[in-house]
């Protein structure tokens, strides 16, 4: 077995004025320059910005991937020679021979984010912001400035998610991909908005290319994980419960809808399955499952003093499955009052248990339904106009979510 090799390129001492460090995992990427150029084209920030790209490969990588990675690095280094701008700098980490069991986007993000944290530590800036981006994404011109300003104004913000929009038309991809990504992004927005509607305090998007976190919080929560997919979700579930997690809806990340076989789930794999199965309709969690959860969440405070609370059958059986009564005794014993009880209850019944319930409900009570039907049902509850097509419904949900302020008004702080 070969040992992991880390090589740094175009690194220099990060200025003390560095406020943002953008981290980009890069694997077998043909068009990294597009992502870098998009960042370079951003409006000027007040303080310095560093961009770290982690070009990575496993110990058993195919020769053609290694060749492409090397080509990408050479092209990027050549590009940096003509990309000078006063307050932004691009550097690269070449990470090869990554252990096969760990190699993937999680480990690549971790290598870059760990480096970013250490750089902030060196300049004594624990409030510095580590920003996650992707090698096949682009962004709006105000992206960097909005992130900088958001964390400057909202000093208690631990981290944030950033508005994103996949391309839904064009000539770069087959029409089938555009049809699929419309429904997949609608699913992401439906799921997030349904969680918000039922009152779960963890109702935030968890998209790897569209999130940022303070360096101090990154360290406190143990850093990024090494998961091959879902690393963004698992990481943010350690950050969001701290409270004061927020959203930036005034800037936009444009992730790629392209297919991918490298990850076991996520956008790329979803698009791969969409094409392989010649899908036309995306199925998602039945809205009735969320309505049952809402009854439980709305009545949750009653459990502070009551044992017998009337709940839907799906909730009753699921709570039995996860030993709710035993855990309820512990939660009560550690609660000082009703508000504290709710805090502890939601720390226990978190985003993971919510997802587990939805799978349980699907298997035992409510079959999946089309994303258009489900999102229309939710729309009637939250004031979004009903739509006949997935694309128009997606636009409606985008507009609905983007109209929220960049905000501390929309955080989960009351639960923490």
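Computed from the coordinates by the stated procedures, all read-outs in this text should not be read as laboratory data. Everything numeric in this text was worked out from a predicted model, so none of it was measured. Positions of Cβ are backbone-derived with ideal geometry, glycine not excepted, and every protein chain shown enters the neighbour counts.
Take every Cα pair under 8 Å whose residues are at least 6 apart in sequence, average their separation, divide by the length of the chain, and the relative contact order is 19 percent.
Axis of helix 287-298 versus longest Cα principal axis of the chain: the two differ by about 70°, to the nearest ten degrees.
Distance from the C-alpha centroid of region 94-144 to that of region 226-253: 14 Å, rounded to the whole angstrom.
Peptides 179-189, 385-395, 320-330 ranked from most to least packed, by the mean per-residue count of other Cβ atoms within 10 Å: 179-189, 385-395, 320-330. Based on the Stokes-Einstein relation at 4 °C and a viscosity of 1.567 mPa s, and on the Kirkwood radius from alpha carbon pairs, the chain is assigned a translational diffusion coefficient of 57 µm²/s. Distance between the pseudo-spin-label points of residue 399 and residue 172 (7 Å out from Cα toward the beta carbon): 2.5 nm.
Helix 105-122 axis versus longest C-alpha principal axis of the chain: approximately 70°, rounded to the nearest ten. Full extension of the segment from residue 17 to residue 64, taken as 0.36 nm per residue of separation minus the current Cα-Cα distance, would add 12.9 nm. Per-peptide packing, taken as the mean over residues of other Cβ atoms within 10 Å, places 116-129, 46-59 in the sequence 46-59, 116-129 from highest down.
Between residue 370 and residue 317, residue separation times 0.36 nm minus the direct Cα-Cα distance comes to 16.5 nm.
Peptides 9-22, 289-302 ranked from most to least packed, by the mean per-residue count of other Cβ atoms within 10 Å: 289-302, 9-22. For region 351-397, the alpha carbon convex hull comes to 91 Å³ per residue, rounded to a whole number. Size of region 107-255 from its Cα atoms: along the principal axes, largest to smallest, the extents are 49, 36, 31 Å. When Rg and Dmax are taken over the Cα atoms of region 1-111, they come to 14.4, 46 Å.
At what distance in angstrom do the alpha carbon centres of region 151-208 and region 328-344 lie from each other? Here the answer is 32 Å between Cα centres. As a ratio to 2.2 N^0.38 Å, the alpha-carbon radius of gyration for region 128-209 is 1.30. Normalised by the number of residues in region 168-234, the mean separation of alpha-carbon contacts (under 8 Å, six or more apart) gives a relative contact order of 21 percent. Between the helical axis of 390-402 and the longest alpha-carbon principal axis of the chain there is an angle of about 90 degrees. Once the convex hull of all Cα atoms in region 176-262 is built, its volume per residue stands at 116 Å³.
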